[in-house]
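**Q** One structure is given below, represented as structure tokens, and several questions about it will come after.
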Amino acid sequence: MKKATSYKLQANSGFIALTTTIILSMVILTLVIAVGFSSFFGRFGILDSEINERSSNLAEACAETAALKLSQDAGYEGKETITVGYGSCFICSISSPNSVFIQASTSNAYTNLEVEIDPTDGSIDSWEEIPTISWGSCTT
């Protein structure tokens, strides 16, 4: 005859499985939160680059305007604000040999350009984005 076996439940039964489940849940939750935050902050990076591109385009348009005005009037001195729907640019000054300093701003993004213009035909010989305004006062 077969002997009946009895099983006693131990107090620690399933402790390792429960602890493992809790730890894995915490790790997965941490990963999900990290991915969520990275995509959330990634949106701000994209927005910043779009605003910077707008500011740069505005500065380029202002440089073209300064070139046109300088070709029409050799005595044009700048010191003019040009407003566009989403921002404004300021033609700070025109110094010899026809260097035009421009500052454009939109949504707290600034672009500073130094542009060399040929006054005879209004063509732009060169332009360079400069990080800060180190060429005197450029106030609107």
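**Q** Which one of Ala59, Ser25, Leu47 has its Cα pushed farthest toward the positive end of the charge dipole of the range 25-72, where Lys and Arg give +1 and Asp and Glu give -1 at the Cβ?
**A** Ser25
**Q** How far apart, in nanometres, would the label points at Leu31 and Ser95 be if each is projected 7 angstrom from Cα along the Cα-to-Cβ direction?
**A** 5.8 nm
**Q** Taking the Cα centre of the range 31-86 as the origin, how large is its charge dipole in debye, to the nearest 20, when only Lys and Arg (+1) and Asp and Glu (-1) carry charge on their Cβ atoms?
**A** 220 debye
Just so you know, all these numbers are worked out from the coordinates, no wet-lab data involved. Predicted, not measured: the structure shown is a model, and the values here were computed from it. Methodologically, a virtual Cβ is constructed for each residue, glycine included, from the backbone with ideal geometry; neighbour enumeration extends over all protein chains shown.
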